[in-house]
1. Scan the range 35-65 for residues that are under 21 Å from V100 (Cβ atoms) and crowded, with 20+ Cβ neighbours inside 10 Å and jot them down.
2. So which residues in the range 170-206 are surrounded by fewer than 18 Cβ atoms within 10 Å (Cβ to Cβ) and within 16 Å of V78 (Cβ to Cβ), if there are any at all?
3. Looking only at the range 70-90, count how many residues are free of Cβ contacts under 8 Å to residues at least 40 places away in the same chain and of a type outside the set (A, V, I, L, M).
4. Go through R120, R158 for me and flag whichever is among the basic types (K, R), free of Cβ contacts under 8 Å to residues at least 60 places away in the same chain and more than 20 Å from L71 (Cα to Cα).
5. Looking at S115, S161 in this structure, which one is polar (S, T, N, Q) and closer than 18 Å to M200 by Cβ?
6. Going by the conditions given, is A121 closer than 16 Å to V78 by Cα, at pLDDT 85 or above and surrounded by 13 or more Cβ atoms within 10 Å (Cβ to Cβ)?
7. Have a look at W127, W172 and point out the one that is modelled with pLDDT under 90 and in contact with a Gly (Cβ under 7 Å, 6 or more places away or on another chain).
Amino acid sequence: MAISATRSRENTRARLLEAAALVFAEVGLDGATVEAVCERAGFTRGAFYSNFESKDELFLELAGSVSAERLTAVRERVAELNEAGALTADCDATTLVQQVMDTGSDDRLGVMLLSEIRLRALRDHAWGKAYLKQEEEMVAGIARIIDDIVAAGMMSLRVESEIAARMLLVIWEGMTVRGAMAGQDDAQLRRVGSVELGRMVQLLLG
């Protein structure tokens, strides 16, 4: 019974997050009301508030899930390339990064969501703290991937992995935001980001 209730709760949260993403895509963060999310998900306000304290909490979790999906896609792709023997000390950094990022989950919706979250975080101290905590978790995840690659003896870095991770994240986010401004589609967003990441990787390698 407990397992069934847990799965039901997880399913409810997942449906609310999916609905929130759809509503956000239509009307943005400010226009996405609790009522609109509930209606799209097919739940009552009671179901919403039994899972989230507020719309703020919902959208912060949604932003976190977007980042987590991005990180998982990168980790899985790196593992695939490693098994295929593509990660070698003499491999071309730009090509390698392109191969990793082409299978990523990044899209215009994710870029827009994170951009609005950042803007809100600039205006609201509590949001700012919550967003920075999520970002630190993202940086730590990227650093772990870098550490795994370095530990396998494939590459060496000029800086600590956490510094490299932060630099790569800043470059990636900056380029995808600018690509979204230019009207690029999902594939183009990944491509423009991976080109710049490849250049940064070349500078970071020892």
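The values are calculated or read from the model by the stated rules, or taken from the named source; none is laboratory data. All figures in this text were calculated on a predicted structure; none of them were measured in a lab. Positions of Cβ are backbone-derived with ideal geometry, glycine not excepted, and every protein chain shown enters the neighbour counts.
1. None; the set is empty.
2. L205, the sole residue that qualifies.
3. The qualifying residues number 7.
4. Step by step, each of R120, R158 is checked, and only R158 is among the basic types (K, R), free of Cβ contacts under 8 Å to residues at least 60 places away in the same chain and more than 20 Å from L71 (Cα to Cα).
5. Sole residue among the options that is polar (S, T, N, Q) and closer than 18 Å to M200 by Cβ: S161.
6. For A121, the condition - closer than 16 Å to V78 by Cα, at pLDDT 85 or above and surrounded by 13 or more Cβ atoms within 10 Å (Cβ to Cβ) - is not met.
7. W172
For (1) part of a helix (DSSP H, G or I); (2) under 18 Å from L22 (Cα atoms), each residue gets a yes or a no:
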residue: A47; (1), (2): yes, no
residue: N51; (1), (2): no, no
residue: L58; (1), (2): yes, yes
residue: G64; (1), (2): yes, yes
residue: E69; (1), (2): yes, yes
residue: A73; (1), (2): yes, no
residue: R77; (1), (2): yes, no
residue: N82; (1), (2): yes, no
residue: L96; (1), (2): yes, no
